[in-house]
Amino acid sequence: MRDLFAAEEGDALPLAPGAVLLRDFALAAAPELLLAVVGVTAEAPWRHLETPGGFGMSVAMTNCGALGWVSDRTGYRYDATDPLRGKPWPALPDAFREMAHDAAAAAGYGGFVPDACLVNRYEPGARLSLHQDRDEHDYGAPIVSVSLGLPVTFLFGGAARVDKSRRVSLVHGDVVVWGGPSRLHHHAVLPLADGEHPATGRCRINLTFRKAG
Ligand code: MD6
Ligand code: FE
């Protein structure tokens, strides 16, 4: 239960021009989405990717869909092949495709057909430093980001790295849709606080849908 004066369920909260937080949008579908995550990770397991600088990322990742986001010493890219297994990524589950499409539509981006889903797992302490999502070919398509499990603080900045950022708490079932004028805005995820969530246990799962190709 959110506090009395907070936004109501289903509200669309604008974060910036083109970016909106859809509170609870994925709440009803969460069990189905998490079941599909188990299926995806049974095929393409969690891994901690290496950054071009040679550091291991604290967030564990995998992908599903035609393309997957990968990082190694040579840089960041989308790849149709999972480098760990030398095979295509698992197919995008129908529940994923529908959630991405419907959330985009609710945010004003009709006809969104993702070809990539980056699946992130945050354990206590895991974080994502300030970055832009700019490895996709088509900046015309939005990004749909689904939060499941433990809450986290998300920083949403501006076009320039030094721009002031606002902080927003993302909880189980929240969806952020982001495109248009803020498509290339900087953003970060603060270190996950320890806790236990009935749906995921001691972690946060994030699904990030893109049209990458
Ligand atoms: C996360 N999300 O929420 C990481 N990027 O775990 C992102 O980096 C992100 O949520 C682009 C658009 C939406 C996002
Ligand atoms: Fe991002």
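So here's what we get for this one:
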item: Charge tally in the Cβ shell below 10 Å around residue 145, where Lys, Arg are +1 and Asp, Glu are -1, residue 145 excluded; result: -1
item: Convex hull volume per residue for the chain, taking Cα atoms only, in Å³; result: 116
item: Accessible-area composition of the chain, carbon plus sulfur, in percent [1.4 Å probe]; result: 57
item: Residue-averaged 222 nm ellipticity for the chain, from DSSP H runs of 4+ at -39500 (n - 2.57), nearest 500; result: -4000 deg cm²/dmol
item: Longest site-free stretch - the chain; sites: chymotrypsin sites (Phe, Trp or Tyr not before Pro), DSSP loop, at most 16 other Cβ within 10 Å; result: 56-138
item: Mean Cα-pair separation over length for segment 45-189, i.e. relative contact order, pairs under 8 Å, 6 or more apart, %; result: 21
item: Distant alpha-carbon pairs in segment 110-152 (separation over 13 angstrom), percent; result: 67
item: Average accessible area per residue (Å²) across the chain - probe 1.4 Å, nucleic acids and ligands excluded; result: 47
item: Cα gyration tensor, segment 20-103 - rounded (a/c under 1.5), prolate or oblate; result: prolate
item: Among 119, 34, 83 the positive-end extreme of the charge dipole of the chain (Cβ point charges); result: 83
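The values are calculated or read from the model by the stated rules, or taken from the named source; none is laboratory data. None of the values given here were measured: they were computed from a predicted structure. Positions of Cβ are generated from backbone atoms using ideal geometry, with glycine treated the same way; all protein chains shown enter the neighbour counts. Note: accessible area is taken over every heavy atom of the protein model, side chains too, but ligands, DNA and RNA are not part of it. Shrake-Rupley method; radii C 1.70, N 1.55, O 1.52, S 1.80 Å.
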